[in-house]
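Student: Submitted below is the structure of interest, expressed as structure tokens.
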Amino acid sequence: MAEETRLDEELLSAWVRLTAILKNGRITQGMQYNEAIVMLHAYKRFKQDGEGLVSFKELLAETKMLKSLLNRTVDSLVKKGFLEKCAGDSDKRTVFVRPVKENLSAFLKVHARSLALAQEIVSVIGEEDAQAFIRISQKIAQAGTCVTKQGE
């Protein structure tokens with residue numbers, strides 16, 4: 001008789017299949033995956049306040065990238081004209097980035113492909129499961145620092 005698959009193995013397998021779909025779906029054509037993630041955070045802030053100013057510290061917390069990787073990613077986005085770096089008003093050591101408004105349309109084309117994939121997923125799993133997925137993902141993300149530190 002075959003051994004029953006453990007829940008943790010099933011979860012890991014499902015996660016790997018899902019990330020493969022997302023990465024292989026080329027949802028970030030014309031932009032590296034990490035660049036699209038950083039731009040998404042800056043764009044969300046831009047939509048909130050019309051400025052989009054995000055501190056490097058916030059980006060580290062939100063993206064969970066290594067500092068060196070985030071530096072390379074931000075530098076690449078600055079070089080490509082998607083972001084600009086700014087110093088903080090009160091503390092010049094604090095580095096902020098913000099989207100370059102004139103070049104947002106290029107990011108929005110990439111973002112539209114990501115949204116189309118999300119809409120396709122909703123059409124497959126339905127709104128109720130999509131809401132459950134969001135809730136579960138947020139719960140995992142909130143606990144993320146605890147989860148990753150336990151495995152170190």
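Student: Within the range 20-36, is even one residue in a helix (DSSP H, G or I), at pLDDT below 95, out of contact with any helix residue (DSSP H, G or I) (no Cβ under 8 Å at 6 or more places or on another chain) and not aliphatic (A, V, I, L, M)?
Tutor: For the range 20-36, residues in a helix (DSSP H, G or I), at pLDDT below 95, out of contact with any helix residue (DSSP H, G or I) (no Cβ under 8 Å at 6 or more places or on another chain) and not aliphatic (A, V, I, L, M): present.
Student: Taking the range 22-74 on its own, how many of its residues are without any contact (Cβ under 8 Å) to a residue 12 or more places away in the chain, open to solvent by less than 80 Å² (accessible area, probe 1.4 Å) and of a type in the set (A, V, I, L, M)?
Tutor: Result for the range 22-74: 2.
Student: Would you confirm whether any residue within the range 7-18 is surrounded by 12 or more Cβ atoms within 10 Å (Cβ to Cβ), in a helix (DSSP H, G or I) and modelled with pLDDT under 90?
Tutor: yes
Yes/no matrix, rows are residues, columns are (1) outside any helix (DSSP H, G or I); (2) at pLDDT below 90; (3) loosely packed, with under 13 Cβ neighbours inside 10 Å:
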site: Asp89; (1), (2), (3): yes, yes, yes
site: Arg98; (1), (2), (3): yes, no, no
site: Asn103; (1), (2), (3): no, no, no
site: Ala106; (1), (2), (3): no, yes, no
site: Ala116; (1), (2), (3): no, yes, yes
site: Gln119; (1), (2), (3): no, no, yes
site: Val122; (1), (2), (3): no, no, no
site: Cys146; (1), (2), (3): no, yes, yes
site: Lys149; (1), (2), (3): no, yes, yes
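The values are calculated or read from the model by the stated rules, or taken from the named source; none is laboratory data. Note that the coordinates shown come from a computational prediction; the quantities given were computed from them, not determined experimentally. Note that we place each Cβ from the backbone using ideal geometry, even for glycine, and neighbour counts take in every protein chain shown. For the accessible areas, the whole protein counts, side chains as well, though only heavy atoms, and no ligand, DNA or RNA atoms are used. Shrake-Rupley method; radii C 1.70, N 1.55, O 1.52, S 1.80 Å.
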